[in-house]
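The block underneath contains the structure these notes are about, expressed in structure tokens.
Taken together, the values in this text are just the output of simple stated rules run on the coordinates, not laboratory data. Being a predicted model, the structure only gives us computed values, none of them experimental. Note that we place each Cβ from the backbone using ideal geometry, even for glycine, and neighbour counts take in every protein chain shown.
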Amino acid sequence: MAETPRNAPATAEQRAAALGSLAMIPQDAEFFLSIPDMPGSAQRLSQSHWARTAYPDLPELHLVKQLLAGKEYPRSLVIAGGAGSTKALARILPILGRMEIADCREKRLGIPQPPAYGSENMTDEQIMAAWQQYDQKRHRQTHPFRSPILKDLYSAPLPAITLIAELPARQMEKIPAVMQEIQQLCNDREHEGWFNLLGEFHEGQYDGLHWQGVRIDGGKIYGSMQRTAALYASDAAYARWLKEMEPLLSGRECYILAATHGDKLIVSICTDPAREIHLAKTPQESILATDKTAFADARLPLHPDMLFHIDQSFFEHLAREIDEQMAREKKIQPRFYAASIIEFCQACRTLIQPAPVNGIIWQDKGIHAELAYGRDRSIDPSSILKIASIADRPTTILYAEGASSREGIGAFMPYAAEIARALADGLELTDASFRKIGRGFSAILDGWQGDAAFVMDNQGHLPAELAGNMSKLHIPRIAFYADVRNRQDIEQGWQTVVHELETMDADDFLSDELIPYWRSNGTDIFLTDLTDKNLVVSASDALNNQILAAVGKTSGDIRGGAFVLRFAPIKEMIDRNVPIFAEQGDPIPDQIMEIIEHVSQAFDGIYGTATPQTNRTKLHLYIREK
């Protein structure tokens with residue numbers, strides 16, 4: 001393939017040469033996911049440094065060998081959604097979220113389940129009767145909050161989905177027999193099964209190809225539900241609910257059809273084959289001739305292993321659906337179950353500017369993954385990362401730092417409240433204690449400017465008074481850093497939290513040493529430095545001073561967020577511990593040492609960045625090989 005000039009977009013033909021079956025996806029597709037060349041990806045993987053030095057029994061490498069053989073697995077795969085698919089998906093996703101909320105509420109009801117069949121103390125007839133009573137009780141209690149969700153689900157539009165798989169010849173040869181078997185199952189009147197109960201066999205000519213498969217009939221689904229209703233013969237409420245479902249299901253249909261074209265199997269999931277089945281005949285007619293695939297141009301010479309795209313329309317539709325559906329959900333769910341989740345979803349939705357989302361994975365001296373989406377207002381684009389230089393220290397195992405905006409901190413508050421509520425349940429906090437502790441943490445967040453970091457190095461030791469002879473061990477040393485907006489808010493907030501824990505007889509679950517007050521000398525476990533500008537918490541004065549020194553020498557222009565996980569300092573720490581464990585008569589197993597050796601020889605580390613741009617946000621993850 002000819003080299004594409006840096007600033008010139010690739011042609012549809014150039015994209016087709018690298019991206020294969022995407023050339024069959026029409027221009028009006030609203031999302032796609034493509035794995036364009038599985039054997040090629042496997043070949044590049046097998047020739048990489050990390051694969052050649054990786055642990056020899058790694059299961060993933062056996063899969064790579066099978067992909068290279070090209071006899072069983074697809075050579076390429078594309079999944080795409082046609083016109084209107086993003087609107088349909090945007091409708092369905094909040095429904096699934098609401099179903100999850102309903103599941104949580106049902107668990108809270110605590111309806112005891114009858115014993116399973118085969119119980120020694122009950123006959124099968126008694127167990128069946130007990131299960132019928134259980135189902136009736138369960139339906140009566142869950143109907144008020146499940147029924148509106150199911151109505152929305154049954155009336156939701158279905159997205160038109162196309163799947164294209166390029167298959168080896170031996171797999172293509174099996175397709176006619178598979179379709180014949182499906183036809184026989186659909187026409188079988190003697191044995192009930194999924195095919196003949198809910199659908200019927202269908203075939204026809206659409207867009208120049210012969211398609212075969214199943215037509216799923218909503219009326220048959222309703223009929224199956226009626227037969228199940230025999231379990232609720234004495235439940236008038238269930239009968240009324242079932243009657244409400246009839247107009248939502250009757251008359252609806254969905255087709256799952258398959259066709260072949262050369263060495264490709266094409267599957268379509270749609271509601272109107274004549275209107276929705278459409279394939280591009282040339283690259284110029286395809287999505288490759290649009291800006292939807294332009295994001296891949298710079299990586300075409302490197303042969304992308306996977307890429308995907310989601311139209312902006314999906315996020316616009318999703319924003320409306322979240323507002324409308326969650327508003328209804330809020331009315332029928334108690335605050336504890338739904339409100340904080342709803343508020344977090346809505347806050348996140350308002351923080352991220354609607355825009356297309358693109359993602360791509362490729363190999364170049366390791367594995368790269370890149371994701372681009374709309375402007376993310378939870379990230380402060382003006383804040384330079386304060387302690388990025390810590391990542392370059394040879395003893396640093398883990399470094400993660402991000403600059404959150406005040407809007408981002410505000411969006412996190414409902415989610416933090418939900419986490420706090422879960423913890424409160426575990427500690428059996430009263431509502432009054434929970435509110436006080438919540439106010440304390442809220443004050444701490446108010447005092448935080450936005451930049452925060454987590455650091456781990458290999459220079460730690462256990463205190464001699466706690467570990468005895470094992471105090472010689474080298475262990476990770478952990479620190480937390482945050483920049484400060486209002487020191488007084490942080491001090492007062494933490495004192496509120498600690499005071500409330502102390503009034504609860506906290507010795508039952510927290511020793512005094514594990515509750516760090518905000519004071520310069522810290523405690524035996526936590527050493528805290530809090531100034532008007534910075535907060536550092538760790539178990540080491542030396543580490544605190546290193547972090548504060550890094551803040552004082554902030555340089556460069558790294559903004560957004562950064563992440564580093566390095567393997568060499570992990571191996572170094574373990575190597576120093578080998579003679580110590582041996583001396584104690586408890587050596588590290590050879591198998592673990594072998595794995596650590598292979599990983600450290602294969603990989604340098606994992607690196608990530610979150611980069612705010614004018615109208616976009618770009619995330620980049622790099623698993624770097626040695």
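Give the cross-link partners of residue 137 among the lysines, using a straight C-alpha distance below 20 Å as the criterion and excluding same-chain residues fewer than 8 apart.
Within reach: 107, 243.
Taking the Cβ-Cβ separation of residue 111 and residue 156 as r and a Förster radius of 35 Å, what is the calculated FRET efficiency to the nearest 0.05?
Numbers: r = 28 Å, r/R0 = 0.80.
It comes to 0.80.
Tell me the label-point distance for the pair residue 210, residue 184, using the 7 Å Cα-to-Cβ offset, in nm and rounded to one decimal.
Distance between label points: 1.9 nm.
Figure the gain on full extension for residue 33 and residue 577 (residue separation times 0.36 nm, minus the Cα-Cα span) and round it to one decimal in nm.
Full-extension gain reported as 191.3 nm.
To the nearest 0.05, how large is the calculated FRET efficiency for residue 197 and residue 365 if R₀ is 60 Å and r is the Cβ-Cβ distance?
Result of the calculation: an efficiency of 0.65.
Could you tell me which of 549, 611, 601 has its Cα farthest along the dipole of the stretch 528-626 towards the positive end, charges placed at Cβ (Lys, Arg +1; Asp, Glu -1), taken about the Cα centre?
Towards the positive end, the residue furthest out is 611.
Multiply the residue gap between residue 284 and residue 8 by 0.36 nm, knock off their C-alpha separation, and tell me the result in nm, one decimal place.
Extra length available between residue 284 and residue 8 comes to 97.6 nm.
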